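Working notes, structure below.
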Amino acid sequence: MRTFLHWSLLFLLMLTSVFAVDVEGLMAQGNGHYEKGDFESAITTYEKVLATDMVSTALHYNLGCAYFSEKAYGKAILQFEKARQLSPRDPDVQHNLEYSRLFLKDRFELPEPMPFIAWFKALRKSLSLAELKFLEQALFSILILGIILSRLMRGNSLGRVLTPATIIAGVLLLVVGGWFIDRSIATNEKYAVLLVDEADVTSAPIPGSSTLFVIHEGTSGEILDATDAWYELRLEDGKTGWIIHEAVGLY
């Protein structure tokens with residue numbers, strides 16, 4: 001029995017080594033296609049890497065660049081958004097994402113937010129999920145240490161300084177914790193981008209329901225609700241409606 005299990009395990013290991021995907025080789029191959037201007041082959045190769053469930057800023061960025069070169073702006077924006085989720089402060093990712101949006105048909109004229117609110121939102125988006133988790137753990141440690149030291153040094157000058165500092169650390173912990181929870185939810189495909197030329201946004205998740213408006217390739221929206229075949233979206237200008245699954249990609 002033990003011999004059978006030994007050889008079964010060895011056989012499984014051999015199968016794994018035979019059918020394992022050479023991710024690094026495929027990435028190099030995709031890069032080679034891209035450098036030669038063969039963007040269609042580059043896309044095919046990068047998609048093979050993507051199918052391995054590899055998580056990489058470079059992969060999403062390179063795939064986005066290849067789609068952009070093929071003028072598939074919706075798919076390019078989808079990949080750049082995924083790259084930004086992993087590396088929110090990467091200047092190349094941010095530049096290509098903003099540049100890709102210049103080619104979209106749908107434009108939204110939104111009021112300028114107050115400077116402090118704009119700065120606050122920018123700060124929130126500039127931190128990755130891993131950085132938020134580290135910051136949350138650091139603030140929690142500072143809070144516990146501050147509480148202990150405040151109690152030990154109660155009554156002296158250092159204790160009077162530690163108390164407000166500990167309160168500030170607690171407030172920051174709540175803020176960062178909220179950001180972390182929100183970002184964790186956001187990474188679970190909370191937004192959608194249109195991948196086809198245009199699509200109807202309807203009043204209900206039912207075939208034949210009335211069309212509220214039409215959106216075009218690359219337009220993004222927040223997912224408010226979902227059924228087996230439809231997503232309810234809210235666009236940047238606040239308009240809402242339902243769209244079929246097949247028309248969008250999620251990030």
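Do the conditions hold for Leu158, that is, is it surrounded by fewer than 15 Cβ atoms within 10 Å (Cβ to Cβ), part of a helix (DSSP H, G or I) and not small (Gly, Ala, Ser)? Steps first, answer last, please.
On the way: surrounded by fewer than 15 Cβ atoms within 10 Å (Cβ to Cβ): yes; part of a helix (DSSP H, G or I): yes; not small (Gly, Ala, Ser): yes.
Taking the combined requirement at face value, the residue satisfies it.
Sub-9 Å Cβ pairs linking a first residue in segment 81-96 that is assigned to a loop (DSSP other than H, G, I, E, B) to a second residue that is aliphatic (A, V, I, L, M) and modelled with pLDDT of 90 or more, at least 6 apart or interchain, are Ser87/Val93; Asp90/Ala83, ordered by first then second residue. Against the criterion of being of a type outside the set (Gly, Ala, Ser), surrounded by 15 or more Cβ atoms within 10 Å (Cβ to Cβ) and in contact (Cβ under 8 Å) with a residue 40 or more places away in the chain, Leu127 qualifies. Against the test of being surrounded by fewer than 16 Cβ atoms within 10 Å (Cβ to Cβ) and within 20 Å of the chain's Cα centre (by Cα), the options Ile181, Ile206 yield a single qualifying residue, Ile181.
Scanning segment 219-227 for any residue that is part of a loop (DSSP other than H, G, I, E, B), among the hydroxyl-bearing types (Ser, Thr, Tyr), outside the structural domain of Tyr67 (by TED's automatic domain parsing) and in contact with a Lys or Arg (Cβ under 9 Å, 6 or more places away or on another chain) turns up at least one such residue.
Can you pull out every residue in segment 33-71 that is outside any helix (DSSP H, G or I) and modelled with pLDDT of 95 or more?
Applying the first criterion (outside any helix (DSSP H, G or I)) to segment 33-71 yields 36-38, 51-56, 70-71.
Lys36, Gly37, Asp38, Glu70, Lys71 - these are the residues of segment 33-71 that are outside any helix (DSSP H, G or I) and modelled with pLDDT of 95 or more.
You will find that of Ala165, Ala169, the residue that is in the same structural domain as Ser126 (by TED's automatic domain parsing) and crowded, with 16+ Cβ neighbours inside 10 Å is Ala169 and no other.
The values are calculated or read from the model by the stated rules, or taken from the named source; none is laboratory data. Being a predicted model, the structure only gives us computed values, none of them experimental. Positions of Cβ are generated from backbone atoms using ideal geometry, with glycine treated the same way; all protein chains shown enter the neighbour counts.
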